[in-house]
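Notes to accompany the following structure.
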Amino acid sequence: MGVPRRGRGQAKNGTPRFSPPREQTRGVLPKTCICQCLPVRTFYGTSTTDDCLAPRAGDLLTNLVKPAGHYQSEYIDTQSCKFSDFSPTAMSVSVNYPEEFAGFAVLDTKDWNKPKYITYKPKAFGDHDIDIEIECCGLCGSDIMTAMGGEGWGEIKLPQVVGHEIIGKVVKVGPKVSLHKVGDRVGLGAQAFGCLSCRRCKEDNEQYCKDSVTTYDGVYPDGYVSQGGYASHVRAHEHFCFAIPDAIKSTEAASLCCAGLTVYSPLKRYIPTSLPNGEKPKVAVLGLGGLGHLAVQIAAALGAEPYVFSRTDAKKEQALQLGAKGFVATGTKGWADEYFDQFDLILNCAISLSGLDLDSFLSILKVQGRFVSVGLPAVEEKYDVSPFTFFSNGSSLCSSNLGSRKEMLDLLELCVKHNIRPWVEEVPISEEGCNTALTRAWKGDVRYRFVFTEFHKAFGTGK
């Protein structure tokens, strides 16, 4: 999207000239940036910062976002600057719902782990849409890879509120909504929209719909850029929201909406159900992390024998505690020889492909076994495998994306029946909380999922 032609009140570079607003529309903190780039008459944030939160000069703020600490405008003309002497603790936080949502957004991919508080306009409310007042939201590896931009999965549309493991209460429903009602507790995963009329959608493969819109950093037909769950509210099509069983706590249900569904779909589709002589299928789970620790539990509940494969034996005790039948440290020379021709399915839950000996992993598959990748690496990473490897056992290499609504409902039922729960660490949502959790998650310093909580306190909701 380009910068519009110069109009009245705009500088020669196409960005607007600013004059202080005549009245303070919110807050009690009349401040000015030290560099005088623009007036700071309204503070929308909840935590102290010294950095100017506006994007680079001339950037168009998608969806008319108001960066914390700056007067609302469609454009921001700014240089690097500092705030002087302000005390956000003097503010009481409240979101002007339904006209606007609030959230913690990535403003620059260089600061991918430092989201800042913003307010923004939601998408147009559709006949089948529901609004969810968010109670908690899990941190997914996708959040990090997206927030990193070119260092992760590629260019993103800024500012961006990430988060797609969302649990909350329905506070508004469209006139044609039939699946949910106001007051229901629901979850939303990584998909917020699909056409629901194509063959893929009709065959319970809506996650592969060509018109699919992701919960964040997706683009709706009208050009609106979706914003995710580190926020006060989220708006999505009813089909992609799921009633949460009473037996599952909100903080436990959050990670199931993406991580759980992401591993359940390929496990349900590809674990064989009729092996000869009563033989149990074997599943190799590659990587014991946010995805892998759920994959172990789900594979066992589906009747398979899960084995965890990790580079060292540091997580062996936890793998067995989760229900793994066996544990293999792949840092040991010749590890694959003992497991030749034993596995029906390999589920790759690791994000990075660095050091992955794919030829060895394919050798442990039975004839026509599958290596399915659900962990998505950075864009520059590639598989290193010889085509000749596939001739030895007719194995295949593929990926899997999220899952369908039907699979999500089946997963929730399975989790209740078999007491499947993610291991989570709760972090109150805030700028500091986001920074801490994103940084630690990238370092692998969590067992095994972060879940952001205390949304009502952060956004003044829940009343």
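Read the figures in this text as sums done on the coordinates, not as results from a lab. Keep in mind it's a predicted model, so treat the numbers as computed, not measured. Ideal geometry is used to build each Cβ from the backbone, glycine not excepted, and the neighbour counts take in all protein chains shown.
Table for the structure above
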{"quantity": "Residues with amide H under 5 Å from that of residue 135, placed H, sequence gap 5 or more", "calculated": "167, 168, 169"}
{"quantity": "Local electrostatic count at residue 321 - Lys and Arg +1, Asp and Glu -1, tallied over other residues with Cβ under 15 Å", "calculated": "+3"}
{"quantity": "Alpha carbon centroid spacing (whole Å) that separates region 365-410 from region 266-293", "calculated": "13 Å"}
{"quantity": "Lysines whose Cα lies under 28 Å from that of residue 325, excluding same-chain neighbours fewer than 8 positions away", "calculated": "249, 268, 280, 282, 315, 316, 333, 366, 417, 443"}
{"quantity": "Under 5 Å, built H, 5+ apart or other chain: amide partners of residue 211", "calculated": "195"}
{"quantity": "Highest to lowest packing among 314-322, 381-389, scored as the average C-beta count within 10 Å", "calculated": "314-322, 381-389"}
{"quantity": "Inter-label distance for residue 171 and residue 425, nm, one decimal - labels placed 7 Å from Cα along Cα-to-Cβ", "calculated": "3.0 nm"}
{"quantity": "Peptides ranked, highest mean first, by Cβ atoms within 10 Å: ranges 98-105, 159-166", "calculated": "159-166, 98-105"}
{"quantity": "Within-13-Å neighbourhood charge of residue 453 [Cβ basis; K, R +1; D, E -1]", "calculated": "-3"}
{"quantity": "Listed peptides 203-213, 110-120 by packing density, highest first (mean Cβ within 10 Å)", "calculated": "110-120, 203-213"}
{"quantity": "Cα centroid of region 431-463 to Cα centroid of region 89-163, whole Å", "calculated": "13 Å"}
{"quantity": "Out-of-range pairs (alpha-carbon distance over 26 Å; input 121/463; 176/210; 210/382; 157/457)", "calculated": "157/457"}
